[in-house]
Amino acid sequence: MTHDTFEKALEKYPNRFQLTMMAVSRAKELNSGEEQIIKGEDEKKPVVVALEEIASGVIIPGTVEEMKALRVARRLVREKALLAKAEEEQVEDEMTLSTASPDGGADS
């Protein structure tokens with residue numbers, strides 16, 4: 001299966017080195033939590049999914065540097081969202097504690 005997928009991807013992008021680097025870069029994105037664009041079997045390895053996405057044309061490989069920059073940007077967005085969620089939960093916890101205390105949250 002992987003060999004056939006690689007051959008299909010090579011038909012679109014004949015540079016084996018660049019194709020391999022793009023597939024590895026996309027596989028890293030999938031490993032870090034990115035959603036699959038082509039929905040399929042969950043037990044497929046990320047590199048196979050990446051090659052299928054490239055072969056089908058839904059992922060258009062750029063340069064390795066572009067893929068790295070996109071991965072870093074996505075990671076920063078995810079980290080920012082997690083931080084915002086944690087801060088929101090902390091505020092909610094503080095509000096719950098202040099309303100639950102008998103003196104209205106005032107220090108003794």
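The values are calculated or read from the model by the stated rules, or taken from the named source; none is laboratory data. These figures come from a predicted structure and were not determined experimentally. Neighbour counts are summed over all protein chains in view; Cβ atoms, including those assigned to glycine, are modelled from backbone coordinates with ideal geometry.
Cβ-Cβ contacts under 8 Å between residues 6 or more apart (or on different chains), taken from a first residue in the range 62-91 that is part of a helix (DSSP H, G or I) to a second residue that is among the β-branched types (Val, Ile, Thr) and loosely packed, with under 12 Cβ neighbours inside 10 Å, are absent.
For Asp42, are the conditions met, namely being of a type in the set (Asp, Glu) and either at pLDDT below 80 or touching an Asp or Glu at 6+ places or on another chain (Cβ under 8 Å) (or both)? Spell out the reasoning first.
Numbers: of a type in the set (Asp, Glu): yes; either at pLDDT below 80 or touching an Asp or Glu at 6+ places or on another chain (Cβ under 8 Å) (or both): yes.
So Asp42 passes the test.
Right, Gln18: not charged (D, E, K, R) and not in a helix (DSSP H, G or I) or not? Judged against the criteria, Gln18 is not a match. Output the residues belonging to the range 24-40 that are over 24 Å from Glu79 (Cα atoms) and of a type outside the set (D, E, K, R). The answer is Ile38, Gly40. Are any of the residues in the range 56-71 at pLDDT 85 or above and either small (Gly, Ala, Ser) or out of contact with any helix residue (DSSP H, G or I) (no Cβ under 8 Å at 6 or more places or on another chain) (or both)? Yes, the range 56-71 contains a residue that is at pLDDT 85 or above and either small (Gly, Ala, Ser) or out of contact with any helix residue (DSSP H, G or I) (no Cβ under 8 Å at 6 or more places or on another chain) (or both).
Within the range 14-34, residues that are on the phi > 0 side of the Ramachandran plot reach partners that are loosely packed, with under 15 Cβ neighbours inside 10 Å and not β-branched (Val, Ile, Thr) with beta carbons closer than 8 Å, at six or more positions or on different chains, in the pairs Gly33/Arg78.
The set of residues in the range 1-14 being under 25 Å from Arg74 (Cβ atoms) and surrounded by fewer than 15 Cβ atoms within 10 Å (Cβ to Cβ) consists of Lys12 alone.
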